[in-house]
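Notes for the one structure printed next.
Where a number appears in this text, it was derived from the coordinates with a stated rule and is not lab data. Only a predicted model underlies this, so the values are computations on that prediction, with no experimental measurement involved. Neighbour counts are summed over all protein chains in view; Cβ atoms, including those assigned to glycine, are modelled from backbone coordinates with ideal geometry.
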Amino acid sequence: MRVIADLHIHSRFSRATSQTMNLIEIERFAQIKGLSVVGCGDFTHPLWIREVKKILEPIGDAGLYKISSHEPKVAFMITGEVCTIFESMGKIKKVHHVILSPSIEVAEQISDRLVKFGDLTVDGRPVLKMTAAELVDEVLETSIDNMIFPAHAWTPWFSIFGANSGFNSVEECYGDKADKIPAIETGLSSDPKMNWRVSKLDRYTLVSNSDSHSAWPWRIGREANVFALQRLNYREIVDAIRSRDSERFKFTIETDPAYGKYHWTGHRECGVSMPPSQAILHNNICPKCKRPMTKGVEQRVEELADRPPDYRPAGVPGYVYLLPLSEIIASVMGVDQPSNPKVWNIYNSLVSRFGDEYTILLDVSKEALNEVAGYEISEAILAVRSNRIRVIPGYDGLYGRIEFQTRMDRKNFENGVYEKKIGLDQFI
């Protein structure tokens, strides 16, 4: 069976998170999105785990949970994110980590161990004064069935390879516990091909999750993992990740990293952004105001890369680029917000007809899409599916911009002819 899992989200108890992030809303929109499994998030927060215990019940012995009192529409995995803050090599390091756990009881035991390192009541993603290696010890000594891996590995702040407080290797971060780390989360700021350029990362499975702070379908599931499993349970999922088995772990769903907020090096105040080659020529100094620019993820990858951009290891899970359906519709319609009622009307028509968003984005034929949504929106969906879109890269906290070629001759559209993606070097 095809299983699509988003294993890293947050509850309303995390900072900058929607107050509607409760289990009922998460399930509702996860089902519309087409997720099979979603993380509950924030299990370390005492008020949230109390709510999780009250509302969820186990799905047999699967190590997964469902909303009580009705048939499972979406399975929940017990998950959380924590931040470790510690000194290493004379600098303060702040690194975020994702934790997966097979049960509420085990998760509570983890929290009992972590409470001595920080206040778990302040934030759903608590800050812990401990090293990354100490965190691994506490999590895995609780149960070897737990899994831990670095979150959004390349963002400039709070990540293992971040330009501002990160490391140059997994070993530098986790020390002698590095062999206990099975995976790395690409996050919105990177994709597999960027990570494949660093040979030291070959032993780690690349996973991708939304890190969503909202249940809306343009946030939850915007990045996810796609498995082909015989049985839907916790052990099957984590074993597929640990083994890097491309027969069971098929691919990740990624947002083009150029769409992320820190892809290129730049300075938002001056409206300046540039690719690594130009940033290096400028010594990362803004040519307008002469102040330092925020180093982009692409430049940070370039610093650690020892392989060409087109390198791909053999036998690893693949990836596809997708965009949230509501953002595709909004872009074609020329409206600013995916929450616009006009966007929702078309979105709901498509979901009502085809079942869920992932089915629409991955599977539905152009003829069927055209029948419901019209040829311009259908064309845009197919262009995203084929990665034939135009991306103006994000930088210094600003998201990138997606542009579609929607004024296309109908005959070309019906014949499946699309304009190719315009090179990013045209947007320097």
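Mind running the shape call on region 1-121? Use the C-alpha gyration tensor, a ≥ b ≥ c as the square roots of the eigenvalues: rounded below 1.5 for a/c, prolate if a/b tops b/c, oblate otherwise.
It is prolate, given that a/c is not under 1.5 and a/b is the larger ratio.
Restricting the count to DSSP beta bridges whose residues both fall in region 2-256, what percent are antiparallel, rounded to a multiple of 5? Write out the running numbers ahead of the final one.
Values: 27 of 38 bridges.
Around 70 percent antiparallel, to the nearest 5.
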* Distance between Cα centroids, region 7-67 to region 197-230: provide it in whole Å. => 17 Å
* At q = 0.06, 0.08, 0.14 Å⁻¹, work out log10 I(q)/I(0) for the chain with the Debye formula, treating every Cα as an identical point scatterer and leaving solvent out; two decimals please. => -0.24, -0.43, -1.37
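Here are some pairs, Lys180/Lys250; Lys91/Lys129; Lys180/Lys200; Lys94/Lys200; Lys33/Lys73; Lys94/Lys177; which of them have Cα atoms lying more than 19 Å apart in this structure?
On the way: Lys180/Lys250 23 Å; Lys91/Lys129 14 Å; Lys180/Lys200 15 Å; Lys94/Lys200 21 Å; Lys33/Lys73 12 Å; Lys94/Lys177 17 Å.
In this structure, Lys180/Lys250; Lys94/Lys200 lie more than 19 Å apart at Cα.
Taking region 331-372, which GluC sites (Glu not before Pro) meet the DSSP loop condition and have no more than 14 other C-beta atoms within 10 Å? Before the final figure, lay out each step's value.
Values: sites: Glu357, Glu367, Glu371; in loops: none.
The qualifying sites: there are none.
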* Asked: Order of Ser378, Ser190, Ser103 from fewest to most other C-beta atoms within 10 Å?
  -> Ser103, Ser378, Ser190
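With a ≥ b ≥ c the root eigenvalues of the C-alpha gyration tensor of region 97-209, is it rounded (a/c under 1.5), prolate (a/b larger than b/c) or oblate? List each step's numbers first, then the result.
Values: a/c = 1.81, a/b = 1.57, b/c = 1.16.
Prolate, because a/c is 1.5 or more and a/b exceeds b/c.
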* Student exercise, the chain dipole from Lys, Arg, Asp, Glu Cβ charges, in Debye to nearest 20 -> 880 debye
* To do: Quick one: order Glu108, Glu71 by neighbouring beta-carbon count within 10 Å, fewest to most.
  => Glu71, Glu108
* Quick one: Karplus J couplings for region 238-254, per residue in order, coefficients 6.51, -1.76, 1.60, θ = phi - 60°, nearest Hz, x for Gly and Pro? -> 5, 5, 5, 5, 4, 7, 6, 7, 6, 7, 9, 9, 7, 6, 9, 9, 10
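Please order Phe43, Phe86 by the number of other Cβ within 10 Å, starting at the fewest. Don't skip to the answer; put the middle values down first.
On the way: Phe43 28, Phe86 18.
Ranking Phe43, Phe86 by Cβ neighbours within 10 Å, fewest first, gives Phe86, Phe43.
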* To do: Could you sort 333-339, 56-62, 205-211 so that the peptide with the highest average Cβ count within 10 Å comes first and the rest follow in order?
  => 205-211, 56-62, 333-339
* Can you give the helix-only mean residue ellipticity at 222 nm for the chain, where every DSSP H stretch with n ≥ 4 adds -39500 (n - 2.57) and the sum goes over all residues, rounded to the nearest 500 deg cm²/dmol? -> -8500 deg cm²/dmol
* Hey, got the Cα dimensions of region 2-256 along the principal axes, in Å, largest first? -> 53, 40, 32
* To do: Set Lys and Arg Cβ to +1 and Asp and Glu Cβ to -1, take the dipole of the chain about its Cα centre, and tell me which of Ile32, Asn370, Leu64 lies farthest positive.
  => Asn370
* With the dipole of region 168-269 worked out from charges on the C-beta (+1 for Lys and Arg, -1 for Asp and Glu) around the Cα centre, which of Leu188, Phe251, Ala228 lies farthest toward the positive end? -> Ala228
